[in-house]
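Here is the structure we will look at, set down as structure tokens.
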Amino acid sequence: MRPLDPHTRRQSNATVSPLSARRWALFLDVGARIVPALAELDVAGRAEFVATVEKALLDRPPAIRRRFGLFLSAIAWGPLFRFGAPFARLTPERKDAVLRWLMDAPVGKIRNGFWGVRTLVFMGFYGRPEVWPAVGYAPSFDGNELLHG
């Protein structure tokens, strides 16, 4: 499923997105802190990123998707207790501080949640074929022929 616009979430088919528009915006904001080049994607690149992550989420059981959404809500509102503002209104330095804390959190479930977010960001960004040459990834789609040749 490929959304027309990741911010408005209008779609061409009846499949429901695993995240609300607000959570997609937060995920893109967090993703841009993890992979800064994500912020520079054009509309088509962002849509491809969202489609990849969306497919990965839709392939998971509903309970996992709910937990992922709840974890995004915790990222959104958790900084209120330390910095007095939600994640979206923090400075870039404070956003990075929040994400560093989540990455090294003393509670394993929090670390696992962050690493799940990070994995999806990497999958969505680096899973796009146009990025492969820049990172030195050159897959061979003739693997069996090369093995037996």
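The values are calculated or read from the model by the stated rules, or taken from the named source; none is laboratory data. This one's a predicted model, so the numbers in the text were calculated from it and none came from an experiment. Cβ: placed from backbone, ideal geometry, glycine included. Neighbour counts: every protein chain shown.
Structure notes:
- For Gly127, the conditions (1) farther than 18 Å from Ser17 by Cα; (2) more than 13 Å from the chain's Cα centre (by Cα); (3) touching a residue at least 12 places away in the same chain (Cβ under 8 Å) are fulfilled apart from (2).
- Unique residue being hydrophobic (A, V, I, L, M, F, W, C) and farther than 26 Å from Val135 by Cβ when the list is Phe83, Phe68, Phe49: Phe83
- Test: residue in the stretch 74-96 that is at pLDDT 95 or above, of a type in the set (A, V, I, L, M, F, W, C) and not in a helix (DSSP H, G or I): yes
Residue by residue, here is whether (1) over 14 Å from Leu26 (Cα atoms); (2) in contact with a helix residue (DSSP H, G or I) (Cβ under 6 Å, 6 or more places away or on another chain); (3) surrounded by 13 or more Cβ atoms within 10 Å (Cβ to Cβ) holds:
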position: Leu72; (1), (2), (3): no, yes, yes
position: Phe83; (1), (2), (3): yes, yes, yes
position: Pro92; (1), (2), (3): no, no, no
position: Met103; (1), (2), (3): yes, yes, yes
position: Val107; (1), (2), (3): yes, no, no
position: Val121; (1), (2), (3): no, yes, yes
position: Phe125; (1), (2), (3): yes, yes, yes
position: Arg128; (1), (2), (3): yes, yes, yes
position: Gly136; (1), (2), (3): yes, no, no
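- Positions within the stretch 38-55 being of a type outside the set (Asp, Glu) and either surrounded by 16 or more Cβ atoms within 10 Å (Cβ to Cβ) or touching a Pro at 6+ places or on another chain (Cβ under 8 Å) (or both), in sequence order: Leu38, Leu41, Gly45, Arg46, Ala47, Phe49, Val50, Ala51, Thr52, Val53
- Among the residues making up the stretch 5-36, none is modelled with pLDDT of 95 or more, touching a helix residue (DSSP H, G or I) at 6+ places or on another chain (Cβ under 7 Å) and either of a type in the set (Ser, Thr, Tyr) or loosely packed, with under 14 Cβ neighbours inside 10 Å (or both).
- Residue match in the stretch 58-73 (condition: farther than 18 Å from Phe114 by Cβ, within 13 Å of the chain's Cα centre (by Cα), modelled with pLDDT under 95 and hydrophobic (A, V, I, L, M, F, W, C)): no
- Check on Ala105, among the aliphatic types (A, V, I, L, M), closer than 25 Å to Ala63 by Cα and assigned to a loop (DSSP other than H, G, I, E, B): yes
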